[in-house]
Amino acid sequence: MAVPTLHIADTGTDAAASPAHGVVAVVAPYGTGKHYRDEITACGADCVAVTPSERLLPPTYRGSLDPSGYTGVVVHDGDLQATARAVQALGVTAVVAGTEIGVPLAETLAHRLNLPGNDPTTSDLRRNKGAMAAALLAAGIDGPRSLSTDSLREALAWADLQPGGEFVLKPVDSAGSDGVAFCSSPAEIRAAWQHLHQVPNAMGGSNDFLVLQERLRGTQYVVNSVSGPTPSGLTRHAVTEVWADHRTGHLYDRLDLLPVSKLIPRILSRYATSVLDVLGVSTGPAHTELMYVPRRGPVLIETGARPEGFYDPVAMREATGSDHVRDAVYATLTGRPALVADRRPQRFVTKVSLVAPHDGRLDELLLQTLLTLPTVRGHVGSLTPGAPVVRTVDLLTSPGRLTLASDSADAITADHAAIRALEANGLYVAGMSL
C-alpha cells in the first residue's frame, strides 16, 4: 500500500488472514516494547509495528527495529491521517505504546480508529512531569512541589520561596534518570540549567522547558500496573508488581520484588491507583515511581503509560509466572486486566543494574563469571565479551541489568555482593579504544 508520507514494510504475512481475535499495533516497539511481538503472536494474534521515521527517532533507537515476525511495519513521518489509514488497512484492533516515545502517537491512533485507549487530549499528563505533579495537587493528592518553566530567572525565584532548599532539576519528558540533577543552591541550579536547557534529551525532547521540583527524601518504590474497563464500564487498575528501589543518588543499584499483599505495597498500590485515575490512565500498562516520605506517605515521582523499561520479561516469567508485558497483552486481547495474585509466596526476585565507573570493554572471563552466578536468571543489555561500555551516569548508560531469583534471600544478597566485586575488580577493562 502506498501513501505519501509513510512506508509499509511487508514481512510476508497476509494481513487479511488475521485471526478473529485481533491485530495489535505496537507503537515504538523498542526497549521493553520489542517483547510485545512474541507475546502477542504466542497468543495467536497478529502484531504490527508502528515506528517514527529514522529522522524522528531518538538516536538511542535508530536502526534497532527487527521487522521479522510483524504482519507489517508502518513508518510514521508526521502525517497522522496517513498513518491512521495505513494502520486501519492492516486490520488493527488494538494499539499499545511500546516505550515512552510512543505514548502520544499510540493514544492518538487508538482514538482516531475508535479503539480502546487513553484520552489523547490529556496525553501531556502522562508525559510531562510538571503537569503530572500539578494535576495531583489540584485533585487533592500529595505530589511534589514543582515548577515547569523555560526561564532560569523564574526557576531561581521559585526556588527561593520553597522550604528545604533541596531540589531536582530534570527534563519534562525524558526517562531513565536522563538529565536528572540534584541542586541545593542557586549556583547549582544555574549550572544544571545551563547544562540541560535546550539540549536534546534521550527521548527526543528539546528541553525547552525544564521541571524544578522539591527533592523528596525517603524510600523509593516502583509500582507496575495494567488498567482496563470493568463490566460496568468503570476503570479497574490491577497492580502487578511492587518493587523496593534502591539507588545511590540517581544511579540505580537494585530493585527487590515485594509481596503485593503486604501492608506497605498495599498502601503504595492504593496511592498509585489514585494517581492513575487523576492522570487519565484507563487502558493498558503503567509504570509508576514514587517515594515513601516519612511522616508524609507516598509521593509521586513520575508515571509512564507503558511497560517498565530495561525489563527482562523472560526472566520475570520464569521467576514469577508472569511479567508486565504478558499482563499488558492479556488485558489488550481480552479487554480486561488480569486478576493478579501475590506472585512471590516463597521466592525472592531482585534486579541489579550494572554500574561502570569508567569507559572500557567487558572482560570475557569475568563476564562469564557474572552471567553464571547461581541466582542469575537473565539480563538485558549487550553483555557480550569485548562489548564497549561507557561510564554509568543514569539508567540509560548502565551496561545492563541482571534478574536474580532464588528461594533464599541470602543467596540473592551474596550474588549482589559478587556482582559489585566483579565490577570493582576488572569486569570493565579500561584504556581500550571504543
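Brief remarks on what is shown
- Relative contact order for the range 218-345, counting Cα pairs under 8 Å that sit 6 or more residues apart, in percent: 31
- Net charge contributed by nearby residues that have their C-beta within less than 10 Å of L255 (K/R +1, D/E -1): -1
- Highest GNM mean-square fluctuation among T384, T397, T235, for the chain modelled with Cα contacts below 10 Å: T384.
- Taking a straight Cα-Cα cut-off under 25 Å and skipping sequence neighbours fewer than 8 places away in the same chain, the lysines within cross-link reach of K262 are K351.
- Cβ-Cβ FRET estimate between T372 and R62, R0 fixed at 30 Å, reported to 0.05: 0.35
- Projecting the alpha carbon convex hull of the range 281-416 along each direction and taking the average yields 10.4 nm².
- Shape call, the range 263-318: gyration tensor on alpha carbons, a/c limit 1.5: oblate
- A simple count of charges around V211, restricted to other residues whose Cβ falls under 13 Å of its Cβ and scoring Lys, Arg +1 and Asp, Glu -1, yields -3.
- Normalised size of the range 195-344, defined as Cα radius of gyration per 2.2 N^0.38 Å with N residues, equals 1.09.
- Over the range 145-214, volume per residue of the alpha carbon convex hull, in Å³: 68
- Length gained on full extension, L156 to E364, computed as 0.36 nm times the residue gap minus the Cα-Cα distance: 70.0 nm.
- Calculated FRET efficiency for the pair S232/A411, C-beta based, R₀ 35 Å, to 0.05: 0.15
- Potential lengthening between S382 and S53 on full extension [0.36 nm per residue; Cα-Cα distance subtracted]: 116.0 nm
- Viscosity 0.692 mPa s, 37 °C: Kirkwood-radius Stokes-Einstein D of the chain over Cα pairs, µm²/s: 146
- H246 paired with A139, simple spin-label distance in nm, labels 7 Å along Cα-to-beta-carbon: 3.2
- Sequence-separation-based contact order of the chain, relative, with Cα cut under 8 Å and 6+ spacing, percent: 13
- Under the criterion of Cα pairs below 8 Å and six or more residues apart, the relative contact order for the range 106-211 equals 23 percent.
- Cross-link reach is defined here as a Cα-Cα straight distance under 20 Å, omitting same-chain residues fewer than 8 places apart; for K170 the lysines meeting it are K129.
- Normalised convex hull volume, the range 351-434, alpha-carbon set, Å³ per residue: 78
A short reminder: the numbers here are calculations on the coordinates, not readings from a lab. For clarity, every value in this text was computed on a predicted model and none was experimentally measured. For neighbour counting, all protein chains shown are included, and Cβ atoms are generated from backbone atoms with ideal geometry for every residue, glycine included.
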